[in-house]
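Peer 1: This structure is in structure tokens; I'll ask about it shortly.
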Amino acid sequence: MIRLAGYRYSIYTRIARLALIEKGVAHELAETDPFADPPPADLLALNPFGRVPVLEHEGFTLYETAAILRYVDAAFPGPALVPSDPRAAARMAQVIGIADAHAYWPLVRQVYAQLVFRPYEGLAPDPAEVAAGLATAGPVLEALEAIAAEGLQLAGGPLSLADLHLAPMIAAFASSPEGAALLAARPALAGWWQTMAQRPSMIATRTGR
């Protein structure tokens with residue numbers, strides 16, 4: 001059995017769970033809160049940076065989500081999640097890089113966290129953070145729209161790690177009306193998202209926030 005130390009509301013925990021589900025790998029989600037101060041001792045024992053997710057498999061411990069996804073794809077049977085075509089594989093890696101370096105902060109930590117998560121917790125959003133997130137989100141979505149329109153990735157072809165890495169970020173972003181409007185203005189990316197949102201793995205990993 002795979003053990004995944006994670007936080008149910010973590011975008012990156014959801015990414016790792018999507019890969020496990022799509023590969024048909026049974027796993028246990030061991031809940032831990034990386035936002036606790038200080039981080040839980042059992043989490044620090046697995047990851048010195050106190051982040052989630054962390055995968056444990058037969059004595060092998062691995063953190064960093066992109067590394068976990070590569071391991072899950074290579075170590076278990078099931079549909080391949082890395083394209084064999086070198087250009088498609090390169091685009092896959094590019095999408096993952098864009099998601100981590102440019103999409104996560106504005107889409108999730110600024111727009112989603114302020115407009116969806118904070119009100120859920122009874123807190124008011126920070127208008128300056130929202131404005132900054134929406135402004136930064138535009139160029140990020142444009143870059144992803146160009147990739148989706150090209151057709152090598154984010155285009156409804158065989159599922160890849162790029163789809164799994166980006167989808168939870170888009171799910172969070174589009175759960176706000178402002179995010180949904182910006183996404184809808186990018187037809188290729190929006191079409192990809194409509195398909196991804198209906199995958200059983202995405203439905204199974206919804207948290208309600």
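Peer 1: Open to solvent by 60 Å² or more (accessible area, probe 1.4 Å), in a helix (DSSP H, G or I), of a type in the set (G, A, S) and closer than 14 Å to L144 by Cβ - does that describe any residue in segment 161-180?
Peer 2: Checked against the condition, which is being open to solvent by 60 Å² or more (accessible area, probe 1.4 Å), in a helix (DSSP H, G or I), of a type in the set (G, A, S) and closer than 14 Å to L144 by Cβ, segment 161-180 yields no hits at all.
Peer 1: Among the residues of segment 148-157, is there at least one that is within 14 Å of A101 (Cα to Cα), part of a helix (DSSP H, G or I) and without any contact (Cβ under 8 Å) to a residue 60 or more places away in the chain?
Peer 2: There is no residue in segment 148-157 that is within 14 Å of A101 (Cα to Cα), part of a helix (DSSP H, G or I) and without any contact (Cβ under 8 Å) to a residue 60 or more places away in the chain.
Peer 1: Those residues that are farther than 20 Å from E22 by Cβ and either basic (K, R) or open to solvent by less than 20 Å² (accessible area, probe 1.4 Å) (or both), I need them from segment 183-209; list them, please.
Peer 2: Selection gives L183, R186, L189, A190, R209.
Peer 1: Of the residues G138, G151, G122, only one is surrounded by fewer than 22 Cβ atoms within 10 Å (Cβ to Cβ) and modelled with pLDDT under 95; which?
Peer 2: G122
Peer 1: I'd like the full set of residues that are touching a residue at least 12 places away in the same chain (Cβ under 8 Å), among the hydrophobic types (A, V, I, L, M, F, W, C), open to solvent by less than 40 Å² (accessible area, probe 1.4 Å) and not in a helix (DSSP H, G or I), limited to segment 1-37.
Peer 2: Result: I2, L4, A5, V25, A30.
Peer 1: R14 is checked against (1) in contact with an Asp or Glu (Cβ under 9 Å, 6 or more places away or on another chain); (2) at pLDDT 95 or above and fails just one. What number does that condition carry?
Peer 2: Every condition holds for R14 apart from (1).
Peer 1: If you don't mind, there's one more thing I want to ask. Looking at (1) farther than 24 Å from R206 by Cα; (2) part of a loop (DSSP other than H, G, I, E, B), can you tell me which one G50 breaks?
Peer 2: The number of the failed condition is (1).
Peer 1: Could you list all residues from segment 39-62 that are surrounded by 14 or more Cβ atoms within 10 Å (Cβ to Cβ) and either among the acidic types (D, E) or under 15 Å from the mean Cα position of the chain (by Cα) (or both)?
Peer 2: Within segment 39-62, R51, V52, P53, V54, E56 meet the criteria.
The values are calculated or read from the model by the stated rules, or taken from the named source; none is laboratory data. These numbers come from a predicted model, not from an experiment. We place every Cβ from the backbone using ideal geometry, glycine too, and count neighbours over all the protein chains shown. What goes into the accessible areas is simple: the full protein's heavy atoms, side chains included, and nothing from ligands, DNA or RNA. Shrake-Rupley method; radii C 1.70, N 1.55, O 1.52, S 1.80 Å.
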